[in-house]
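Everything on this sheet refers to the single structure shown next.
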Amino acid sequence: MKIAFIGTHGVGKTTLCYDLAGALKRQGLHVDVVKEVARQSPLPINRQTSMDAQTWILMTQVAEEIRSGAYHPLVVCDRSALDNYAYMVLACGRQKPFERFVAHWMKTYDLLFKVPMSGAPPADGVRDTDEFFMAAIDQLVGQLLAEMKVPHQVLPAGERDRWIEIARAAVLAAPDAGRRLF
């Protein structure tokens, strides 16, 4: 089973990934987290990104998901291929071959949770804190989800304290979850 938290940067996806993984591990599940790969990029990210950087990020995300899935029955991803493609689109325009690949890859996720924007992001020294940039990515993620007809659940804005329980309940209620995870 593969789950991803999606949305713009600085909204709490990483925290949610680790909180969910911890909650599921406490229930006896074997879980792995695929970390946000943009932080490992050897090339510029954020508004200074390039086609090469975004290609590296997208392909590394996919490779990490494959690696993790080969060893773990449950994988929690900090982002999805679609998020990474949204950064590519904003920086470089629509790329039809990548878009077809991303649309296909999105079918490999069992659950997607879109994390809403909620205020200014904390400065972490890596991610851009410009709210217009963040909002543009958030809007693109929503647009691509709609265009590709990707099933997902939007976490309720203003109810951050409930997000982990919503995600945990969805994982445990997923079809065949008991057979695949326990």
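The values are calculated or read from the model by the stated rules, or taken from the named source; none is laboratory data. From a predicted model like this one, the values you see are computed outputs, not experimental measurements. Cβ placement follows ideal geometry from the backbone for every residue including glycine, while neighbour counts extend to all protein chains displayed. These accessible areas exclude ligands, DNA and RNA; they are computed on the full protein's heavy atoms, side chains included. Shrake-Rupley method; radii C 1.70, N 1.55, O 1.52, S 1.80 Å.
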Filter result for the condition that a residue is in a helix (DSSP H, G or I) and surrounded by 12 or more Cβ atoms within 10 Å (Cβ to Cβ), over 146, 136: 136
Residue list for the range 116-133, restricted to those being open to solvent by less than 70 Å² (accessible area, probe 1.4 Å), of a type outside the set (D, E, K, R) and within 23 Å of residue 19 (Cα to Cα): 116, 117, 119, 121, 126
Any pair with Cβ under 8 angstrom, 6 or more apart, that starts in the range 126-141 at a residue that is under 20 Å from residue 4 (Cβ atoms) and ends at one that is modelled with pLDDT under 90: 127/10; 127/121; 134/10; 134/121; 134/128
Residue list for the range 113-144, filter: in contact with a strand residue (DSSP E or B) (Cβ under 9 Å, 6 or more places away or on another chain) and at pLDDT below 95: none
Filter result (open to solvent by 10 Å² or more (accessible area, probe 1.4 Å) and out of contact with any strand residue (DSSP E or B) (no Cβ under 8 Å at 6 or more places or on another chain)) within the range 24-41: 26, 27, 28, 39, 40, 41
Cross-chain or 6+ apart pairs with Cβ under 7 Å, the range 29-53 first and within 14 Å of residue 90 (Cβ to Cβ) and among the hydroxyl-bearing types (Ser, Thr, Tyr), then open to solvent by less than 20 Å² (accessible area, probe 1.4 Å) and at pLDDT 95 or above: 49/87
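Give 97, 44 a once-over and let me know the one that is open to solvent by 20 Å² or more (accessible area, probe 1.4 Å), modelled with pLDDT under 95 and farther than 20 Å from residue 164 by Cβ.
Values: 97 fails: modelled with pLDDT under 95.
Being open to solvent by 20 Å² or more (accessible area, probe 1.4 Å), modelled with pLDDT under 95 and farther than 20 Å from residue 164 by Cβ holds for just one of 97, 44, which is 44.
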Failed item in (1) open to solvent by less than 30 Å² (accessible area, probe 1.4 Å); (2) small (Gly, Ala, Ser); (3) closer than 20 Å to residue 20 by Cβ, with residue 86 passing the rest: (3)
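Of the residues that make up the range 167-176, is at least one open to solvent by 30 Å² or more (accessible area, probe 1.4 Å), touching a helix residue (DSSP H, G or I) at 6+ places or on another chain (Cβ under 9 Å) and in a loop (DSSP other than H, G, I, E, B)? Spell out the reasoning first.
Step one: of the range 167-176, the residues open to solvent by 30 Å² or more (accessible area, probe 1.4 Å) are 168-169, 172-173, 175-176.
Now drop any that are not touching a helix residue (DSSP H, G or I) at 6+ places or on another chain (Cβ under 9 Å), which leaves 168, 172.
Narrowing further to those that are in a loop (DSSP other than H, G, I, E, B): none.
Within the range 167-176, none of the residues are open to solvent by 30 Å² or more (accessible area, probe 1.4 Å), touching a helix residue (DSSP H, G or I) at 6+ places or on another chain (Cβ under 9 Å) and in a loop (DSSP other than H, G, I, E, B).
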